Amino acid sequence: MTQELIPPHSRRGSKYAARTVPVSETGERLTTSAMIASLDAEGRATVAAPFGHALVDLAKFRDDIVGLTADLSKYTDLHVFAKAYPEKFYQMGMAEQVMISAAAGLAREGFTPFATTYAVFASRRAYDFICMAIAEENLPVKIVCALPGLTTGYGPSHQATEDLAIMRGMPNLTVIDPCDAIDIDQATRAIADHPGPVYMRLLRGAVPKVLDAYDYRFEIGKARLLRDGGDVLFVSSGFMTMRALDAAENLAQEGISCAVLHSPTIKPLDATTITAEAAKGGRLVVTAENHSITGGLGEAVAGALMRAGVHTPFRQIALPDEFLDAGALPTLHDQYGLSVAAVTASVKSWLAA
Amino acid sequence: MPPDKPTAASNVSLTRRAWAIRRNALLMGEVQGQGYIGQALGVADVLAVTHFHALTYRPGDPEWEGRDRFYLSIGHYAIALYSAMIEAGLLPEDELETYGMDDSRLPMSGMAAYTPGMEITGGSLGHGLGIAVGAALGLKRKGNPAFVYNMMSDGELGEGSTWEAVMSAVQWQLDNLVCVVDFNNQQADGPTTQALATGTEAPKWEAFGWHAQEVDGNDLDALVQAFDTARALPDPRPRVIICHTRMCKGVPFLEDREITHFIRVEPDEWAKARAILDAEVPT
C-alpha cells in the first residue's frame, strides 16, 4: 500500500477513514472560514473595507490612481473603488500575468496602478511579471493582495504562506504586512505616495481596529513600539501584532512583562529600531508572523541582529515549512501556533526552558 | 509627410535603410564574435519599415510624449533594434563598437534602464504584449493618439501570457495597438512550428478578435502596405502583423548555413559578410 503523505504538524488522519461532523467545545459546528473578516473581530470594533475606502479618498484628488483586478475586486475590497470610479477601474479577468503587465504599462504612461488579487496568485503565478515588468524598472505599481499567510481554510492553493519570502527576494520592491484597519488605511495612502513598486498584504471585509488605542502612525520602513516590557520583546507584523498584544495582556497577568514592536514594513526592514530594542538586553526576542518560518519577518530580524552583532535569546512564532491543512481557521491557528493561546503558551514554555 | 517623421521625408530608400541596419548589425556582431545576427539580418526589413515609415518619433527626444511606443519584447533582438536606432539617429553610431561590453549602453539583451529610446526591458519572453496592453490603455486614458507597437517573436506565441494579453487587447478594443510577430520559425531548440506555434497563426489571432495580416517580412512593399493598413484600419480591433522572415537574410552564405538560434560565425566571415553587403549599396 502506498504511504499517505501527512506532514508532521498535520491533524490529518488517513483519507481512507470516514469522518463525523466536528464540533467546538461549546457544541458549534466548525466550518471552513475563508476570510479573515471576523477572525479577530470578537469584542473589537471593525472598519468595513479600509483599503477600498482609502483608495476612493485618494482618487478624489489624484487622477493618476487607477485600479486593476484579476476577477477578485469583491474579495480585495477594490469593488468599493470600482463603484465610486468605474472609469478608473480595469477588470482584467482571470489573468494575473496580463493584469500585472498592463499595470506596468499604465505606470509607464504616468499612472499609479493598484492591482489586486490573492497573495498566492501574485506571488506564485505573476512573479516573473512583477519582477521584470515592474520591479526591475522601479515602476510605481502597488500590488495589494488578500488572503496572506494562513487567513483561509481552503488549503495550500489559497494559503500564501511563503509570499513574504518570495517578495523579499525581489530588488526594489517594498513589502508591507499591515496589522489592522488603521494600518491599512494609512499604508494605502503612504504607498500611493511612494515612488516605487510595493507589495502589500491585505485584510479585507470587516477589519478589526486595534492600533487607534496606541500612539501609532504608519510610515514605510518604520517599526513602532506599541507596548514596552522587560521580559519579552515581540517583533511582529500583520495580524500577529494583534495576537502579540493580546498575548502580552495574558502574560502580564502572570507577571511576564512583554514589549510589542510592530514592524509592518518587511522590506526595507527597520533594522535600526529593531536592533536598538533587541540590544537593550535581558529580554527574549520573539518574532511573530503570519508566514512560513522560512524567509519572512523572523529570518529578516535574525539577519539584522546578527549583522549588528546583537546576540540575544531568539525564538520565532511562524508557520511550519509545510503545506498546511484545510479546515476552520481557529482550529488551524491553534494547530500551527498563531492563536493567542498558542502564542502565550509558546512564550511561557520558552521562558521556562 | 508628418513633421515628426523626419527620416521618412528623406530621399533615402527603405532598401537603403534595411541595408544600413544589416550592416550595423554585422559590425556589432563582429564586436562580440557571435550573437543573434541571424535574427537581426532577418528582421532588418521589418525594422526599416517600422522606424523609417510607420513610427512617429523625434530622434533627439526619445521621451517625447507624442511618440509612438515601440516595445521590444524579444530582448535578444536588441542588436537589430540598436542597428535601426543608430540609423535613425536615436543612438550615436560610434557607440556601436561597445555592443555587449562592460559599461555599454548597448547590452546584449535590451533593457530600458540602459538605452535611451529602449522603452521596456525585454528578454523574459511573453512580457511585451501585456505591457503594451497597459500602455495602450494609458494612452487612451490620456487622450494621446499615439500607437503602441510590440515586436515579439514566433517563439513567444508559446507563452500563455501572450494569449492573456491577446484576449485583453480585444476586451478593451485597443485599436491603438499593433503587434508585430517576427516569424522566422526558429527558437532555441529548433523550428517553432515543431513546438507550439502551428503555422496557422493568423486565423488564430482572427478567431480571438484581432485584425490579422500575414506578410513576407522581407518584402518592403508588402510590409509598408501591411503597416499602413494596420494604422488606418477604421475598426476597434487590435492589429497583428505576422512577418515571415528568413534568418540571416541578405548574406547568402549564412542563409544557407544550418540555421540555429545562436548562429556560429567564424572570425574571418564577418568581413566576408560585410563585403557582400558593400558590393551592392542601395541608393
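How many nm separate the modelled label positions at residue B:255 and residue B:65, each set 7 Å beyond the Cα in the direction of the Cβ?
Taking the simple label geometry, residue B:255 and residue B:65 are separated by 4.6 nm.
Report the antiparallel proportion of the DSSP beta bridges in region B:14-279 as a percent, rounded to a multiple of 5.
Details: 2 of 24 bridges.
The antiparallel fraction comes to roughly 10 percent.
Dipole magnitude of chain B about its Cα centre, charges +1 at Lys/Arg Cβ and -1 at Asp/Glu Cβ only, in debye to the nearest 20? Write out the running numbers ahead of the final one.
Values: 22 positive and 38 negative charges, 149 e Å.
Using Cβ point charges on Lys, Arg, Asp and Glu, chain B gives about 720 debye.
Please give the average number of partner chain Cβ atoms lying within 10 Å of the Cβ of each residue in B:168-177, rounded to a whole number.
Numbers: counts 9, 2, 0, 6, 3, 0, 0, 0, 0, 0.
Per residue, the number of nearby Cβ atoms from other chains is 2 on average.
Compute the relative contact order of chain A as a whole-number percentage, counting only Cα pairs closer than 8 Å that sit 6 or more residues apart in sequence.
Working: 771 pairs, mean separation 62.8, N = 353.
Value for chain A: 18 percent.
For region A:309-321, just list the computed ³J(HN,Hα) in residue order, Karplus coefficients 6.51, -1.76 and 1.60, θ = phi - 60°, integers in Hz, with x standing in for Gly and Pro.
Per residue, the Karplus-derived 3J(HN,Hα) values read x, 9, 10, 9, x, 9, 9, 10, 9, 6, 6, x, 6 Hz.
Any idea which of B:173, B:100, B:81 is furthest toward the positive side of the dipole for chain B, if Lys and Arg beta-carbons carry +1 and Asp and Glu beta-carbons -1?
With unit charges placed on the Cβ atoms, the residue in question is B:173.
Beyond 36 Å, what share of the Cα-Cα pairs of the protein assembly as shown remains, rounded to the nearest whole percent?
Values: 93706 of 201930 pairs.
Cα-Cα pairs of the protein assembly as shown separated by over 36 Å account for 46 percent.
What distance in nm separates the simple spin-label points at residue A:18 and residue A:157, each placed 7 Å from Cα in the Cβ direction?
A separation of 2.6 nm, rounded to one decimal place.
Using only Cα atoms, locate the centre of region B:66-145 and the centre of region A:231-274, then give the distance between them in Å, rounded to an integer.
When both Cα centres are located, 47 Å separates them.
DSSP loop GluC sites (Glu not before Pro) in region B:7-95 with at most 11 other Cβ atoms within 10 Å of their Cβ, which ones? If you can, show how the numbers build up before the last one.
On the way: sites: B:30, B:63, B:65, B:87, B:93, B:95; in loops: B:63, B:65.
Counting only loop positions with at most 11 other Cβ atoms within 10 Å, the GluC sites (Glu not before Pro) in region B:7-95 are B:63, B:65.
Please report the relative contact order for region A:1-129, taking Cα pairs under 8 Å with a sequence separation of at least 6, and give it as a percent rounded to a whole number. Can you show the working numbers first?
Working: 123 pairs, mean separation 27.2, N = 129.
Worked out over region A:1-129, it gives 21 percent.
Taking residue A:60 as the anchor, which aspartates and glutamates have their alpha carbon closer than 18 Å to its alpha carbon, excluding any fewer than eight residues away along the same chain?
Leaving aside aspartates and glutamates fewer than 8 places away in the same chain, those within reach of residue A:60 are A:77, A:87, A:185, A:193.
Below 17 Å, Cα to Cα, which aspartates and glutamates can residue A:348 reach? Residues fewer than 8 away in the same chain don't count.
Once the sequence-local aspartates and glutamates are set aside, what remains near residue A:348 is A:231, A:246, A:249, A:254, A:334.
What fraction of the DSSP beta bridges in region A:1-145 is antiparallel, stated in percent and rounded to the nearest 5?
Values: 1 of 13 bridges.
Bridges in region A:1-145 that DSSP calls antiparallel: roughly 10 percent.
Nearest 500 deg cm²/dmol is fine: what mean residue ellipticity at 222 nm does the protein assembly as shown get from its DSSP H runs of n ≥ 4 alone, each adding -39,500 (n - 2.57), divided by its residue count?
Values: 19 runs with 211 residues, N = 636.
Computed ellipticity for the protein assembly as shown at 222 nm equals -10000 deg cm²/dmol.
Calculate the dipole size of region A:46-208 relative to its Cα centre from +1 charges on Lys and Arg beta carbons and -1 charges on Asp and Glu beta carbons; express the result in debye to the nearest 20. Intermediate results must be reported in sequence, preceding the final value.
Details: 13 positive and 18 negative charges, 47 e Å.
That gives region A:46-208 a dipole magnitude of about 220 debye.
With both bridge residues required to lie in chain A, what share of the DSSP beta bridges run antiparallel, to the nearest 5%? Write down the numbers at each step before the final one.
Working: 9 of 46 bridges.
Of all bridge pairs located within chain A, approximately 20 percent are antiparallel.
Return the distance in nm (one decimal) between the two label points of a simple spin-label model at residue B:268 and residue B:208, each offset 7 Å from Cα along Cα→Cβ.
4.7 nm
At a 10 angstrom cut-off on C-beta neighbours, averaged per residue, how do the peptides A:126-134, A:59-67, B:113-121 rank from highest to lowest?
On the way: A:126-134: 23.9, A:59-67: 17.1, B:113-121: 19.8.
So the order, starting with the most tightly packed, is A:126-134, B:113-121, A:59-67.
Which whole number gives the average, over all residues in B:138-148, of C-beta atoms from other chains lying within 10 Å of the residue C-beta? Spell out each step's value before the answer.
Details: counts 10, 3, 1, 10, 4, 0, 1, 0, 1, 0, 3.
Partner Cβ neighbours, averaged per residue: 3.
Taking the Cα centre of region A:221-352 as origin, sum charge times position over the Cβ atoms of Lys and Arg (+1) and Asp and Glu (-1), and report the length of that vector in debye to the nearest 20. Intermediate values should be presented prior to the final figure.
Values: 10 positive and 13 negative charges, 95 e Å.
Once rounded to the nearest 20, the dipole reads 460 debye.
If you average the alpha carbon positions of region B:183-256 and of region A:65-118, how far apart do those two centres end up, in angstrom?
Going from one Cα centre to the other spans 32 Å.
Can you list the lysines whose alpha carbon is less than 20 Å from that of residue A:280, not counting same-chain residues fewer than 8 positions off?
Within the straight-line limit of under 20 Å, residue A:280 reaches these lysines: A:222.
So for region B:14-279, averaging the separation of alpha carbon pairs under 8 Å that are six or more residues apart and normalising by length, what relative contact order in percent results? Each step should come with its number before you reach the end.
On the way: 539 pairs, mean separation 61.1, N = 266.
Relative contact order, region B:14-279: 23 percent.
Which whole number gives the average, over all residues in A:88-95, of C-beta atoms from other chains lying within 10 Å of the residue C-beta? Mind showing how you got there, number by number?
Details: counts 1, 0, 7, 1, 9, 4, 1, 9.
Whole-number average of other-chain Cβ neighbours for A:88-95 is 4.
Just want the answer: with Cβ charges of +1 for Lys and Arg and -1 for Asp and Glu, which residue in A:298, A:282, A:346 is farthest toward the dipole's positive end in region A:221-352?
A:282
Beta carbons within 10 angstrom, averaged per residue: use that to sort the peptides A:194-206, A:97-109, highest first. Display every interim value, and only then the final one.
Working: A:194-206: 23.2, A:97-109: 30.2.
Order by mean packing, descending: A:97-109, A:194-206.
Taken together, the values in this text are just the output of simple stated rules run on the coordinates, not laboratory data. Everything numeric here is computed off the predicted structure, so don't read it as measured data. Glycine also receives a Cβ, built like all others from the backbone with ideal geometry; neighbour counts cover every protein chain displayed.
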